[in-house]
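This report concerns only the one structure given below.
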Amino acid sequence: MSFSGERKRSSPCSGGVVAYVGLGSNLNGPVDQVTCALDELGEIPDSCCFACSRLYSSKPMGSLDQPDYVNAVAGLSTRLEAYALLEHLQRIEAVHGRIRQEHWGPRTLDLDLLLYGEQVIDTATLKVPHPGLHLRAFVLYPLREIAPAALHVPGRGILNRLVEQCPEPGPALSLLGNGRG
């Protein structure tokens, strides 16, 4: 799937589990980091990237002494187990120079497995649904663009209700427009 920066919405590819991945970057050309990663998600084996949101700009969490983030959400249909998918996401991060030093610190690329079907996973390595998903406008608004309004987020409720309950993003979240193209 070639990312053009425009909203993509289609049905999941046949077969597999529907997973949603959050993307974020605030270093080394964040728009390019995110758009390139969106293309790379489409190259994960036994997976198909069927949707991607528009790009958003958001204020950083944690230390405000860092650049704003560029965020998006992608939908994948995958036959990979959750941990295998996570390994591929971490490989893509590594290719982009991701170094895990500071919690909520600046990064070249952050790929979070937000949802993996209806599964709840709670281990030291992986937590699905992503623990902050229901509180973060920079995840909920792009997710709402590409996921069904009635999407059930295990343990949290229906996506549209979560968006309604999310504090108004105000100036902390803004649409960037069309990325590449």
Exercise. Here is a list of conditions, (1) at pLDDT 95 or above; (2) closer than 17 Å to Leu23 by Cβ; (3) of a type in the set (Phe, Trp, Tyr), and Trp104 meets all of them except one; can you say which number that is?
Worked result: (1)
Exercise. Are any of the residues in the stretch 50-60 open to solvent by 10 Å² or more (accessible area, probe 1.4 Å), within 19 Å of Thr108 (Cα to Cα) and of a type in the set (A, V, I, L, M)?
Worked result: no
For this session: Go over the candidates Leu143, Leu113 one by one and state the one that is assigned to a strand (DSSP E or B), surrounded by 13 or more Cβ atoms within 10 Å (Cβ to Cβ) and either of a type in the set (Ser, Thr, Tyr) or touching a residue at least 12 places away in the same chain (Cβ under 8 Å) (or both).
Result: Leu113
For this session: Inspect the stretch 50-58 for any residue being at pLDDT 85 or above and out of contact with any strand residue (DSSP E or B) (no Cβ under 9 Å at 6 or more places or on another chain) and give the result as yes or no.
Result: no
Problem set entry | Within the stretch 32-49, tally of residues that are out of contact with any Phe, Trp or Tyr (no Cβ under 6 Å at 6 or more places or on another chain), in a helix (DSSP H, G or I) and surrounded by 17 or more Cβ atoms within 10 Å (Cβ to Cβ) | 6
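The values are calculated or read from the model by the stated rules, or taken from the named source; none is laboratory data. Remember, it's a predicted structure, so these values are computed and weren't measured experimentally. We place every Cβ from the backbone using ideal geometry, glycine too, and count neighbours over all the protein chains shown. With ligands, DNA and RNA removed, areas are computed over all heavy atoms of the protein, side chains included. Shrake-Rupley method; radii C 1.70, N 1.55, O 1.52, S 1.80 Å.
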